[in-house]
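**Student:** Below are the structure tokens for one structure; questions will follow.
The values are calculated or read from the model by the stated rules, or taken from the named source; none is laboratory data. Here the structure is a predicted model, which means the values were calculated and not measured. A quick note on method: Cβ atoms are made from the backbone with ideal geometry, for glycine too, and the neighbour counts reach across all protein chains shown. The accessibility values were calculated without ligands, DNA or RNA, using every heavy atom of the protein model including side chains. Shrake-Rupley method; radii C 1.70, N 1.55, O 1.52, S 1.80 Å.
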Amino acid sequence: MKREYIIIIGATLISLAVSIIILRAIEPRLFKLPADMQVVKLDRKIPPFYENVFRASDLKAKNFQLNDPVTVVRNKPLFPELPGLGPHDLLGFRNRYIPNHADVVTIGDSQTYGNNALMIESWPAVLEKNLAGRHAKVYSMAAGGWAAPQYLSMLRYAYAFTPQVIVIAFYTGNDALETFRTVYANDYWKSFRSDPKASLTDLPKIKLPLPDSEILRVKLDSNEIAFTPRRRLLSNNRSLIAVNTGFKIIERILTEIDKIAKVQSA
């Protein structure tokens, strides 16, 4: 009788163990502790979420733009509204708040950000005003100094807002040179280096600030608009290694953008 009890108990335990294994495979959540009951160890590779979002060094920074290992520069979070700059939301983009959903997401550089213009005068804000009848929300993801690599980087985040349309605004006035500089100065983007012989020394020398002889000033009502045609033509001179290589990199990035868009729309 004792042997039979042992066999019965053993068989029961084995059956129970097999059942648990099967259940864990089918529905692992049944055996997982709730998030508030789990012990989370600090990981140097994964910073605490809120400390990263409300990073003290960012919020206390005095500069309008901050350095970033991927985008090179990014806008300071919660920057106040000033003439021609701001306001910035918590992500550092020029919006009054971060929506749960945006019908249109715009990605670009200073032209999209609207440097030197009021926020309501930036083209994403004008677009939202023109779409007011459709109650469409436009969310701007732009920063001065950005180019094709940064646009590609932001595209992956833009889909989090479940937009119907994403507008990526390339600016040929400097995107080729900015793209070249980003890719050849930052190892994060080295896979896009199309010319192994090219280097940062191929960038044309530009005197800053630009001399008055290269600035065309036009008065519009009470405002004065400054154009820099020579510099913009320089950024489109395909005989320059940096410009030509920059445009080739842009073509590759456009291909990547197309792939991502097709996957998202499938």
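**Student:** Distance check, please: which entries in LYS45/LYS259; LYS45/LYS76; LYS76/LYS137; LYS190/LYS259 exceed 25 angstrom between their Cα atoms?
**Tutor:** With Cα atoms farther than 25 Å apart: LYS45/LYS259.
**Student:** With a 1.4 Å probe and all protein chains kept in place, how do HIS135, HIS101, HIS88 rank by accessible area, largest first?
**Tutor:** Ranked list, largest accessible area first: HIS135, HIS101, HIS88.
**Student:** I've got another one for you. Tell me which residues come under 5 Å, amide H to amide H, from ALA142 once H is placed; ignore anything under 5 positions away on its chain.
**Tutor:** Counting only residues 5 or more places away or on other chains, the set is ARG94, GLY108.
**Student:** Only Lys, Arg, Asp and Glu count, each charged at its Cβ (+1, +1, -1, -1), so figure out the dipole size of the chain about its Cα centre, rounded to 20 debye.
**Tutor:** The dipole magnitude comes to about 620 debye.
**Student:** How would GLU256, GLU224 line up by accessible area, probe 1.4 Å, largest first? It would help to have the intermediate numbers written out before the result.
**Tutor:** On the way: GLU256 60, GLU224 105 Å².
Largest accessible area first, the list is GLU224, GLU256.
**Student:** Shifting gears a bit: For the chain, with a Gaussian network of springs between Cα atoms less than 10 Å apart, report the residue from LYS137, LYS248, LYS207 with the top mean-square fluctuation.
**Tutor:** Result: LYS207 has the largest fluctuation of those listed.
**Student:** Follow-up. Lys/Arg Cβ at +1, Asp/Glu Cβ at -1, dipole of the range 44-150 taken about the Cα centre: which of HIS88, LEU118, LEU66 is farthest positive-ward?
**Tutor:** Farthest along the dipole direction, towards plus: LEU66.
**Student:** At 30 Å minimum axial length over the Cα atoms and a Kyte-Doolittle cut of -1.0, report the qualifying DSSP H helices in the chain, or say none.
**Tutor:** Span-like helices here: 2-26, 241-265.
**Student:** Can you send over the carbon and sulfur percentage of the accessible area for the chain, probe radius 1.4 Å, protein chains only?
**Tutor:** Of the solvent-accessible surface of the chain, carbon and sulfur hold 59 percent.
**Student:** Ok, one more. Classify the range 36-180 as rounded, prolate or oblate from the Cα gyration tensor: take a ≥ b ≥ c as the square roots of its eigenvalues, call it rounded if a/c is under 1.5, otherwise prolate when a/b beats b/c and oblate if not.
**Tutor:** Verdict is prolate for the range 36-180.
**Student:** Express in % the proportion of alpha carbon pairs of the chain at distances exceeding 31 Å.
**Tutor:** Tail of the P(r) past 31 Å holds 44 percent of the pairs.
**Student:** Report VAL263's accessible area, 1.4 Å probe, all protein chains in place, as a number in Å² to the nearest 10.
**Tutor:** Roll a 1.4 Å probe over it and VAL263 shows about 110 Å².
**Student:** I'd like to know which of PRO99, SER213, VAL18 lies farthest towards the positive end of the charge dipole of the chain, counting +1 on Cβ of Lys and Arg and -1 on Cβ of Asp and Glu.
**Tutor:** VAL18
**Student:** How much area per residue is accessible in the chain when the probe is 1.4 Å and only protein heavy atoms are counted (Å²)?
**Tutor:** Using a 1.4 Å probe on heavy atoms only, each residue of the chain averages 68 Å².
**Student:** Let me know the Rg and Dmax you get for the range 111-246 when you use only its Cα atoms, in Å.
**Tutor:** Looking at the range 111-246, its Cα Rg and Dmax stand at 17.6, 53 Å.
**Student:** What does the accessible area of ARG231 come to, in Å² to the nearest 10, when a probe of 1.4 Å is used?
**Tutor:** 70 Å²
**Student:** While we're looking at this one, here's another question. Using Cα-Cα distances under 8 Å and only pairs 6 or more residues apart, what relative contact order does the chain have, in percent?
**Tutor:** Computed over the chain, the figure is 14 percent.
**Student:** Oh, and also: For the chain, what is the mean residue ellipticity at 222 nm derived from helices alone (per DSSP H run of n ≥ 4: -39500 (n - 2.57); sum divided by total residues; nearest 500 deg cm²/dmol)?
**Tutor:** -11500 deg cm²/dmol
**Student:** Peptides 108-114, 59-65: what's the order by average Cβ count within 10 Å, highest mean first?
**Tutor:** Values: 108-114: 22.6, 59-65: 11.4.
Put in order of decreasing packing, that is 108-114, 59-65.
**Student:** What spacing in nm lies between the two simple spin-label points modelled at PHE49 and SER222, each 7 Å away from Cα in the Cβ direction?
**Tutor:** Taking the simple label geometry, PHE49 and SER222 are separated by 4.8 nm.
**Student:** Can you tell me the FRET efficiency between TYR159 and THR12 if r is taken as the Cβ-Cβ distance and R0 is 45 Å, rounded to the nearest 0.05? Walk me through the numbers on the way to the answer.
**Tutor:** Values: r = 51 Å, r/R0 = 1.13.
With a Förster radius of 45 Å, E is 0.35.
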